Amino acid sequence: MLGVLGGMGPLATVDFMQKIIALTAASKDQEHLPMLVHNVPQIPDRSACILEGSEDPFPALLRGLRSLERGGAECVVIPCNTAHFWFEKLQKHAQIPMISILDCVQKHIRQHRLGKVGVMATSATVSAVMYQELIENDGRECLIPDQDMQTLMMQAIYDIKAGRLELGSQRMKVVFDDLVNKGAEAVVLGCTEIPIGLAEVVKTSPEQCIDATALLASACVDWYNQKEARVAA
């Protein structure tokens, strides 16, 4: 059973689940990956905590983790990039393994030997330099939006969260094109709302998109398949 600590936001959690289903080689219901999903949108805003010192979401995240553990989850993932600010702290409290979305992205960048990588993410994720450190510590160049583009990025993310998909998509495309024009070989879609807004770009230019949500979903399917192979052996 895969535990999904979600709700950040709800649409992004559903997108993550759909990607797991799409990546699973199944011919009937019983062959799909079993998931236990904690889809609780009332977890305090992660960006507001990091940027403004507002309510800490960690207690709510820990309650979600405990709920998944009690429910029988054997591995937990968090389909929210900004929430990975608390990943290591949660991992120390976890009684079961966890898969990091950051690790999935780093593995992809290394495999494709990318030199210059753009990052689209929340202002909090950018402020916490989560992806910048990951990319630059590997000796690669990281490009992030300038202040105006980052403001537009946040507007676009909250558009998607509010159901204004067309407006959010238009704004995200402006930020994406700006990073590509500045030399990014590929762009990390480092917020789980971004692959929703840039779905058409992901479809038409997959080589330029590092879909963190899809990479996490793929890692979960690999985890499940390896587990099933061990059981079968």
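The values are calculated or read from the model by the stated rules, or taken from the named source; none is laboratory data. It should be emphasised that the depicted structure is a prediction, and the values quoted were computed from it without experimental measurement. Please note: Cβ atoms are built from the backbone with ideal geometry, for glycine as well, and neighbour counts cover all protein chains shown. Heavy atoms of the whole protein, side chains included, go into the accessibility calculation; ligands, DNA and RNA do not. Shrake-Rupley method; radii C 1.70, N 1.55, O 1.52, S 1.80 Å.
Quick rundown of the values:
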{"item": "Helices (runs of 4 or more DSSP H) completely within region 107-180 that count 2 or more residues being modelled with pLDDT of 95 or more and of a type in the set (Asp, Glu)", "result": "130-136, 147-161"}
{"item": "Test: residue in region 161-169 that is touching a Lys or Arg at 6+ places or on another chain (Cβ under 8 Å), of a type in the set (D, E, K, R) and surrounded by fewer than 22 Cβ atoms within 10 Å (Cβ to Cβ)", "result": "no"}
{"item": "Residue match in region 57-65 (condition: among the small types (Gly, Ala, Ser), open to solvent by 50 Å² or more (accessible area, probe 1.4 Å) and farther than 30 Å from residue 226 by Cβ)", "result": "no"}
{"item": "Sole residue being crowded, with 19+ Cβ neighbours inside 10 Å and under 16 Å from the mean Cα position of the chain (by Cα), chosen from 158, 131", "result": "131"}
{"item": "Count of region 66-105 residues which are farther than 26 Å from residue 158 by Cβ, open to solvent by less than 40 Å² (accessible area, probe 1.4 Å) and in a helix (DSSP H, G or I)", "result": "2"}
{"item": "Candidate set from region 183-192 (those that are of a type outside the set (Ser, Thr, Tyr) and closer than 17 Å to residue 8 by Cβ); member that is surrounded by the most Cβ atoms within 10 Å (Cβ to Cβ)", "result": "191"}
{"item": "Subset of region 193-226 [open to solvent by 10 Å² or more (accessible area, probe 1.4 Å) and in a loop (DSSP other than H, G, I, E, B)]", "result": "205"}
{"item": "Residue list for region 6-52, restricted to those being touching a Cys at 6+ places or on another chain (Cβ under 8 Å) and either more than 17 Å from residue 190 (Cα to Cα) or open to solvent by 40 Å² or more (accessible area, probe 1.4 Å) (or both)", "result": "20, 33"}
